[in-house]
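Have a look at the structure below, then the notes.
The values are calculated or read from the model by the stated rules, or taken from the named source; none is laboratory data. Computed from a predicted structure; not experimentally measured. For neighbour counting, all protein chains shown are included, and Cβ atoms are generated from backbone atoms with ideal geometry for every residue, glycine included.
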Amino acid sequence: MTKDSKATTDALIKDLKHEDRYVRRSATKALSNHTDSKAATDALIEALEDKDPDVRWYAARALGNHKDSKAATDALIKAALKDEDPNVRLSAIEALGTHTDSKATTDALIKALKDKDADVRRYAVTALGNHKDSKAATDALLKALEDKDAGIRVSAAVALGNHKDSKAATDALIKALKDKDADVRWYATIALGNHADSKAATDALIEALDDKDEEVRRYAAEALSNHADSKAAYMGAYGAFKKGDIK
């Protein structure tokens, strides 16, 4: 860190103590990119305790870039599970989506799936999509795909698109193609586009070309374009466009 950049960091850290909450908010946003400064990380962690919820929101968001800091991860976990403001919890969860090397992070996101706020739960589902090497994360997303809230099921479908090495994820997404909610079926088709190594996924997407919803048919055709090694996938998508089922 150069002398000038250190001076800038120090000035921003000082602004975190300013009486004007708007100055503190600006300082937290600016410190987001000071990832090579332990002092900046420590100051942002302290800002997670600020009395102003918007300062805490920005601090959580900023700490998402400080993913190499265990202290930052631990502070975000605390905010994600315990902050009184749902927007701060949501921001902390979104930030934890980048802290994928920590089992503690995965465990915290799974706990957040039980948050009383639906938006917080949706963000937790989305964040778990980045934890594709965790069986626990995959299992939690499989359960979320059965949630009574269609929005949760949509987020779970999107997230499971990243878990393409899991046969259980592929099977669950195939089952989701029969969901009563068209939005869930749309996003299940998109997610299955990433599961190009699965013949079962290819066959299910070909079947989805006959879905009653035109958008589902369209997304199925687009998803099949990722299954380029399958002649059946190519012919199915081509035939759907040629028949005019998809415009």
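Numbers at a glance
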| quantity | calculated |
| --- | --- |
| Candidate set from segment 180-206 (those that are part of a helix (DSSP H, G or I) and basic (Lys, Arg)); member that is modelled with the lowest pLDDT | Lys199 |
| Residues satisfying the stated conditions in segment 9-25, i.e. more than 14 Å from Glu49 (Cα to Cα) and surrounded by 17 or more Cβ atoms within 10 Å (Cβ to Cβ) | Thr9, Leu12, Ile13, Asp15 |
| Any hit, segment 49-65, residues being out of contact with any strand residue (DSSP E or B) (no Cβ under 9 Å at 6 or more places or on another chain) and either touching a residue at least 40 places away in the same chain (Cβ under 8 Å) or over 19 Å from Ala95 (Cβ atoms) (or both) | yes |
| Qualifying position, being basic (Lys, Arg), surrounded by fewer than 22 Cβ atoms within 10 Å (Cβ to Cβ), at pLDDT below 95 and under 25 Å from Ala127 (Cβ atoms), among Lys78, Lys82, Lys67, Lys6 | Lys67 |
| Single match in Leu173, Leu177, Leu209 (criterion: touching a Lys or Arg at 6+ places or on another chain (Cβ under 8 Å), buried (at least 16 other Cβ atoms within 10 Å of the Cβ), modelled with pLDDT of 95 or more and not aromatic (Phe, Trp, Tyr)) | Leu177 |
| Residue in segment 8-30 that is within 26 Å of the chain's Cα centre (by Cα), within 24 Å of Asp119 (Cα to Cα) and of a type outside the set (Lys, Arg) present | yes |
| Some residue of segment 71-80 being more than 20 Å from the chain's Cα centre (by Cα) and in a helix (DSSP H, G or I) | yes |
| Thr9 being among the hydroxyl-bearing types (Ser, Thr, Tyr) and outside any helix (DSSP H, G or I) | no |
| Count of residues meeting criterion [closer than 13 Å to Asn130 by Cβ and either assigned to a helix (DSSP H, G or I) or in contact (Cβ under 8 Å) with a residue 40 or more places away in the chain (or both)] in segment 142-165 | 4 |
| Residue selected from segment 26-37 under the condition out of contact with any helix residue (DSSP H, G or I) (no Cβ under 6 Å at 6 or more places or on another chain) and not β-branched (Val, Ile, Thr), by the criterion surrounded by the most Cβ atoms within 10 Å (Cβ to Cβ) | Ser26 |
| Count - residues of segment 137-159 that are surrounded by fewer than 16 Cβ atoms within 10 Å (Cβ to Cβ) and of a type in the set (Gly, Ala, Ser) | 1 |
| For Ser134: the one exception among (1) touching a Ser or Thr at 6+ places or on another chain (Cβ under 6 Å); (2) buried (at least 21 other Cβ atoms within 10 Å of the Cβ) | (2) |
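For (1) modelled with pLDDT under 95; (2) outside the structural domain of Thr170 (by TED's automatic domain parsing); (3) under 27 Å from Lys14 (Cβ atoms); (4) surrounded by fewer than 17 Cβ atoms within 10 Å (Cβ to Cβ), each residue gets a yes or a no:
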site: Ala39; (1), (2), (3), (4): yes, yes, yes, yes
site: Ala43; (1), (2), (3), (4): no, yes, yes, no
site: Leu48; (1), (2), (3), (4): no, yes, yes, no
site: Ala59; (1), (2), (3), (4): no, yes, yes, no
site: Glu94; (1), (2), (3), (4): yes, yes, no, no
site: Thr100; (1), (2), (3), (4): yes, yes, no, no
site: Thr106; (1), (2), (3), (4): yes, yes, no, no
site: Lys111; (1), (2), (3), (4): no, yes, no, yes
